[in-house]
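Q: Let me begin by handing over the structure; questions about it come next.
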Amino acid sequence: MVEGNGLENRRRASDRRFESCPLRQKRLKDTIINNIVSSSPLIPRLIVNVQKLKTHNSKLETVRYYMNNQILEQIRTELRANADEKTISNYQRFFKETVKFYGVSLDTVDKIANNYWKEIRTLDKQEIFDLCEGLFRSDYSEEAVIASVWTPKLTDKFEPADLAIFKRWIDSYINDWAKCDGFCNHSVGNFAQKYPESIDEIINWTASPNRWMKRAAAVSLIIPARKGQFLKEIFTISDRLLKDKDDMVQKGYGWMLKEASKLHQDDVYQYVLEHRKDMPRTALRYAIEKMPPEMKVEAMKRVV
């Protein structure tokens, strides 16, 4: 017990010396950079440095900072190298708002995301979340795709408090339909299935002034809706968004109803009939897309 306390005291003293000495910090930074330059492959060496310093908080934070920067920069270098003229010329036409993009095909971005996942998957969840936030913060579409590929891979490690992180990411970084759907369909959708008691909080997103937060409330239930889950909550979200004038919100909850109709066709059909007087035509068309022709004709009839 005494020996353990002695080791702990020496560790704390080492951390204090490190925190109070800029020269020590610079030496560690230089050591990391030299290791990066001389190491191959890069990311496993950085992760080993992090693992070695788990008990030295001050040093660990310094290594984490440079590890994250180097990983993100390496990803960005690879994305720039894989941009192609066809994707660049076609990308913007899918969006009304101006978006930032490298011009990399989705298949290539998925491959890059999965290749890097093999390297970082041994990191702690929070360390991966930090990388995801760095990707979202850049505002590049392809980087958001990578973050949206990585996050649901952590579903087994999700905790109830993570929903607040996801909400902050949506509110702070999501600014087009592709980022919204790409992240919410699987990351928040998986979370809702793991913690169904969280659904009330997701429903509350419908009251946000942020169009993407409102859309997120709906598209987060796309995957559960396909499985026949959360029908009551799907109707609640639809009720709250029913008269929203934003077409991105209308398409979001209309899509959610369409997915729910695959296993609950009669229920969704009756919901549409009851609300078609107030439901915008955009949302209505989405909702009935998979229904038989005779149902579509009846649903589309205008009610005075």
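Q: What do you reckon, is Asp176 of a type in the set (D, E, K, R) and within 23 Å of Tyr91 (Cβ to Cβ)?
A: Working: of a type in the set (D, E, K, R): yes; within 23 Å of Tyr91 (Cβ to Cβ): yes.
Here the answer is yes, as Asp176 does meet what is asked.
Q: Oh, and also: For region 228-248: of the residues being under 22 Å from the mean Cα position of the chain (by Cα) and of a type in the set (Val, Ile, Thr), which is surrounded by the fewest Cβ atoms within 10 Å (Cβ to Cβ)?
A: Here the residue is Ile237.
Q: Among the residues that make up region 104-115, is at least one of them in contact (Cβ under 8 Å) with a residue 40 or more places away in the chain, more than 18 Å from Tyr173 (Cα to Cα) and not aliphatic (A, V, I, L, M)?
A: There is no residue in region 104-115 that is in contact (Cβ under 8 Å) with a residue 40 or more places away in the chain, more than 18 Å from Tyr173 (Cα to Cα) and not aliphatic (A, V, I, L, M).
Q: Hey, among Lys227, Lys277, Lys214, Lys232, which residue is more than 23 Å from Leu163 (Cα to Cα) and basic (Lys, Arg)?
A: Lys277
Q: Just for region 153-198: of the residues that are part of a loop (DSSP other than H, G, I, E, B) and hydrophobic (A, V, I, L, M, F, W, C), which one is surrounded by the fewest Cβ atoms within 10 Å (Cβ to Cβ)?
A: As a first pass, look at region 153-198 and keep what is part of a loop (DSSP other than H, G, I, E, B): 158-161, 174-176, 195.
Narrowing further to those that are hydrophobic (A, V, I, L, M, F, W, C): 158, 161, 174.
Numbers: Phe158: 19, Ala161: 7, Ile174: 23.
So the residue we want is Ala161.
Q: Right, here's the next one. Quick check: anything in region 122-144 more than 20 Å from Gly189 (Cα to Cα), at pLDDT 95 or above, of a type outside the set (Asp, Glu) and out of contact with any helix residue (DSSP H, G or I) (no Cβ under 8 Å at 6 or more places or on another chain)?
A: no
Q: Please go through region 272-284 and pick out each residue that is more than 11 Å from Leu257 (Cβ to Cβ) and touching a helix residue (DSSP H, G or I) at 6+ places or on another chain (Cβ under 7 Å).
A: Selection gives Leu273, Arg276, Pro280, Thr282.
Q: Follow-up question, since we're still on this one. Across region 102-122, what is the number of residues that are more than 17 Å from the chain's Cα centre (by Cα), farther than 17 Å from Glu73 by Cβ and not in a helix (DSSP H, G or I)?
A: Of the residues in region 102-122, 3 are more than 17 Å from the chain's Cα centre (by Cα), farther than 17 Å from Glu73 by Cβ and not in a helix (DSSP H, G or I).
Q: For Tyr91, indicate whether it is surrounded by 11 or more Cβ atoms within 10 Å (Cβ to Cβ), over 12 Å from Trp150 (Cα atoms), touching a strand residue (DSSP E or B) at 6+ places or on another chain (Cβ under 8 Å) and free of Cβ contacts under 8 Å to residues at least 60 places away in the same chain.
A: Answer is no for this residue.
Q: Here are Ala225, Ala260, Ala287, Ala283: which of them is touching an Asp or Glu at 6+ places or on another chain (Cβ under 6 Å), touching a residue at least 24 places away in the same chain (Cβ under 8 Å) and surrounded by 20 or more Cβ atoms within 10 Å (Cβ to Cβ)?
A: Details: Ala260 fails: touching an Asp or Glu at 6+ places or on another chain (Cβ under 6 Å); Ala287 fails: touching an Asp or Glu at 6+ places or on another chain (Cβ under 6 Å); Ala283 fails: touching an Asp or Glu at 6+ places or on another chain (Cβ under 6 Å).
None of the others qualify; the one that does is Ala225.
Q: Another one. Please specify each residue of region 123-152 satisfying the condition of being surrounded by 17 or more Cβ atoms within 10 Å (Cβ to Cβ) and part of a loop (DSSP other than H, G, I, E, B).
A: Selection gives Leu123 alone.
Q: Just need a number here: residues in region 199-222 that are surrounded by fewer than 23 Cβ atoms within 10 Å (Cβ to Cβ), in contact (Cβ under 8 Å) with a residue 24 or more places away in the chain and either part of a loop (DSSP other than H, G, I, E, B) or among the polar types (S, T, N, Q) (or both).
A: The total comes to 3.
Q: Right, Ile234: without any contact (Cβ under 8 Å) to a residue 40 or more places away in the chain, closer than 22 Å to Arg285 by Cα, part of a helix (DSSP H, G or I) and touching a helix residue (DSSP H, G or I) at 6+ places or on another chain (Cβ under 6 Å) or not? Lay out the reasoning, then the answer.
A: Values: without any contact (Cβ under 8 Å) to a residue 40 or more places away in the chain: yes; closer than 22 Å to Arg285 by Cα: yes; part of a helix (DSSP H, G or I): yes; touching a helix residue (DSSP H, G or I) at 6+ places or on another chain (Cβ under 6 Å): yes.
When the stated conditions are applied, Ile234 passes them.
Q: Condition first: modelled with pLDDT of 90 or more, of a type in the set (Gly, Ala, Ser) and either under 18 Å from Gln126 (Cβ atoms) or not in a loop (DSSP other than H, G, I, E, B) (or both). Can you find one or more residues in region 62-82 that meet it?
A: Step one: of region 62-82, the residues modelled with pLDDT of 90 or more are 71-82.
When the remaining residues are screened for being of a type in the set (Gly, Ala, Ser), the result is 81.
When the remaining residues are screened for being either under 18 Å from Gln126 (Cβ atoms) or not in a loop (DSSP other than H, G, I, E, B) (or both), the result is 81.
Checked region 62-82: at least one residue is modelled with pLDDT of 90 or more, of a type in the set (Gly, Ala, Ser) and either under 18 Å from Gln126 (Cβ atoms) or not in a loop (DSSP other than H, G, I, E, B) (or both).
Q: Hey, among Glu97, Glu78, which residue is acidic (Asp, Glu), farther than 30 Å from Lys251 by Cβ and more than 19 Å from the chain's Cα centre (by Cα)?
A: When all the criteria are applied, what remains is Glu78.
The values are calculated or read from the model by the stated rules, or taken from the named source; none is laboratory data. Because the structure is a prediction, the values reported are computed rather than measured. Note that each Cβ is placed from the backbone with ideal geometry, even for glycine, and that neighbours are counted across all protein chains shown.
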